[in-house]
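Student: Dropping a structure here in structure tokens format, bear with me for questions.
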Amino acid sequence: MYITYSPAYTIVPTYECFNRCTYCNFRAEPGKSPWMTLSEAKNIFQNLQNKSHNQNQIVCEILVLSGEVHPHSSRRQEWFQLIYNLCDLALKMGFLPHTNAGPLSFEEMQSLKKVNVSMGLMLEQLTPKLSENVHKYAPSKLPEVRLQQLQWAGELQVPFTTGILLGIGEEESDRTRSLEAISRIHQRYNHIQEVILQPHSPGSQQSYTASGFNPLQLPEVIAEARKILPGDIAIQIPPNLVPDRQWLIACLEAGASDLGGISPKDEVNPDYPHLRVEILKKDLETKGWQLVPRLPIYQQFDRCLSKEIQIKVQQWRHNINNFGDYQEISSKNPEIIGNS
């Protein structure tokens, strides 16, 4: 039995964000976080290239994860251009970028599609009542804004990752409604690769005082999501937020099929470090699961890419057998690479 993950590295253009979600452990106040430079990014990418001879340190995906500059800020265009340039640089240096930078305009998303293999945005929850508490000072978390992003991604045929955040004050019916909305949009546009089921886990920087989502309830939520979502959407869970190995296995048995991008640091949940891939792989093998890598774009979505980016993706698919364990996977199970 197979479970996939993306060998990833996260870069953060800036931590500053105009939203103030009370459960956030990521953001900095506007003007309080320096912006990454292209020179800094180039050094990071060069170091990643230099480590490529070690099969346990290979990076395919560059996750560009940014705090949000206000849509009407005089700095918005500069911020967006930085994200575009970082993605372009990652592509040119041989990596496959995936951007999650909050809600974008239609034109911004259309532009970023030229330099990304996939993009993402958490739907979180559709319940309006969250705008009265955890999202009270987070205007880009309005349900209609998030749904609009999923629709625009579909219209632009952007291979997309979304998901729901569990344990932030929603009811069980709210989770069902959010998953049903994702399902409807995908059935219309056929562009959603993965849905993340992310349990809120309390961190040291948040002001939210409620307890986190009980990860022991996660298998039940996964089973329900698997009934609601179309079968061609992968269900992703973050392994660092399910610390009990037995319950991680229970999540896989319930229908989860992907562990997402495993990077040296979980920027969204910095208090919960990832296990090293080789340790996680051994743990899963003892329970009969084989952890295998994938690209940040699933194979059935290659059709959405420009010819130029398709060539880069195919190079990864064809050359990935140069990297130790990847050879066994790509030669025996070629459908696994880039497709769960």
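Any read-out appearing in this document is the output of simple, stated calculations on the displayed coordinates, not a laboratory observation. Nothing here was measured: the structure is a model prediction, and the numbers come from that model. Positions of Cβ are generated from backbone atoms using ideal geometry, with glycine treated the same way; all protein chains shown enter the neighbour counts.
Student: For segment 2-336, build the charge dipole from Cβ charges (+1 Lys, Arg; -1 Asp, Glu) around the Cα centre, then report which of His186, Ala250, Leu104 sits farthest towards its positive end.
Tutor: Leu104
Student: Compute the orientation-averaged projected area for the chain from the convex hull of its Cα atoms and round it to one decimal in nm². Kindly include the intermediate steps, with their values, before the conclusion.
Tutor: Numbers: hull surface 61.7 nm².
Directional mean of the projected Cα hull area for the chain stands at 15.4 nm².
Student: May I pose another question? When the dipole is taken about the Cα centre of the chain, and only Lys, Arg (+1) and Asp, Glu (-1) are charged at their Cβ, what size is it in debye, to the nearest 20?
Tutor: Working: 32 positive and 36 negative charges, 116 e Å.
So the dipole magnitude of the chain works out to roughly 560 debye.
Student: Enumerate the calculated ³J(HN,Hα) couplings along segment 93-98 in order (Karplus 6.51 cos²θ - 1.76 cosθ + 1.60, θ = phi - 60°), each rounded to whole Hz, writing x wherever the residue is Gly or Pro.
Tutor: 9, x, 9, 10, x, 9
Student: Sticking with the crude label model, points 7 Å out along Cα→Cβ, report the distance from Ser131 to Glu180 in nm, one decimal please.
Tutor: Distance between the two pseudo-spin positions: 2.0 nm.
Student: Would you compute, from DSSP H runs of 4+ residues alone, the mean residue ellipticity of the chain at 222 nm, taking -39500 (n - 2.57) per run and dividing by the full residue count, rounded to the nearest 500? Please list the in-between numbers first.
Tutor: Working: 10 runs with 120 residues, N = 340.
One gets -11000 deg cm²/dmol as the mean residue ellipticity at 222 nm.
Student: I would also like to ask the following. Would you mind calculating the gained length between Ser33 and Asn19 on full extension (0.36 nm times residue separation, minus the Cα-Cα distance), in nm to one decimal?
Tutor: Details: separation 14, 0.36 × 14 = 5.04 nm, distance 1.42 nm.
Stretched out fully, the Ser33 to Asn19 stretch lengthens by 3.6 nm.
Student: Further, regarding this structure: Ordered by packing density, taken as the mean number of other Cβ atoms within 10 Å over each peptide's residues, highest first, how do 180-186, 84-90, 305-311 rank?
Tutor: Details: 180-186: 18.0, 84-90: 20.9, 305-311: 13.3.
In decreasing order of mean packing, 180-186, 84-90, 305-311 become 84-90, 180-186, 305-311.
Student: Return, in residue-number order, each cysteine of the chain whose C-beta is not under 4.7 Å from any other cysteine's C-beta.
Tutor: Cysteines lacking a close Cβ partner in the chain: Cys17, Cys60, Cys87, Cys251, Cys304.
Student: Counting other Cβ atoms within 10 Å, which chymotrypsin sites (Phe, Trp or Tyr not before Pro) in segment 108-162 have at most 16 and lie in a DSSP loop? Could the numbers behind the result be given before it?
Tutor: Numbers: sites: Tyr137, Trp152, Phe160; in loops: Tyr137.
Filter output for segment 108-162: Tyr137.
Student: Another question, then. I need Ile58, Ile83 ordered by Cβ neighbour count within 10 Å, fewest first. Present the calculation step by step, with values, prior to reporting the outcome.
Tutor: Working: Ile58 19, Ile83 25.
With the fewest neighbours first, Ile58, Ile83 line up as Ile58, Ile83.
Student: For the chain, modelled as a GNM with alpha-carbon contacts under 10 angstrom, which of Arg294, Arg188, Arg146 fluctuates the most?
Tutor: Arg188
Student: Evaluate the relative contact order of segment 2-336 (contact order divided by residue number), counting alpha-carbon pairs under 8 angstrom at least 6 apart; express in whole percent.
Tutor: Numbers: 575 pairs, mean separation 73.9, N = 335.
The value is 22 percent.
Student: A follow-up question, please. Would you look at the GNM of the chain, springs on alpha carbons closer than 10 Å, and say which of Leu229, Leu65, Leu280 moves the most?
Tutor: Leu280
Student: Just add up the charged neighbours of Asp258: K/R +1, D/E -1, any other residue whose Cβ is under 14 Å from the Cβ of Asp258.
Tutor: Details: positive: Arg226, Arg294; negative: Glu61, Glu194, Asp232.
It works out to a net charge of -1.
Student: Please compute the net charge surrounding Leu48, taking Lys and Arg as +1 and Asp and Glu as -1 over other residues with Cβ under 15 Å from its Cβ.
Tutor: Counting the neighbours of Leu48, the net charge comes to +2.
Student: Separate question: For the chain, modelled as a Gaussian network with Cα springs under 10 Å, which listed residue fluctuates most, Thr22, Thr286, Thr161?
Tutor: Of the options given, Thr286 has the highest mean-square fluctuation.
Student: With a Förster radius of 22 Å, plug the Cβ-Cβ distance of Gln187 and Arg317 into 1/(1 + (r/R0)^6) and report the FRET value to the nearest 0.05. Intermediate results must be reported in sequence, preceding the final value.
Tutor: On the way: r = 28 Å, r/R0 = 1.25.
Plugging the Cβ-Cβ distance into 1/(1 + (r/R0)^6) gives 0.20.
Student: Got a sec? How would His70, His135, His318, His200 order by Cβ neighbour count within 10 Å, fewest to most?
Tutor: Going from sparsest to densest Cβ surroundings: His318, His70, His200, His135.
Student: Let me ask something additional. If the reach is capped at under 30 angstrom between alpha carbons, list the lysines near Lys113, excluding any in the same chain fewer than eight residues apart.
Tutor: Lys113 reaches Lys32, Lys42, Lys51, Lys92, Lys141, Lys265, Lys307, Lys312.
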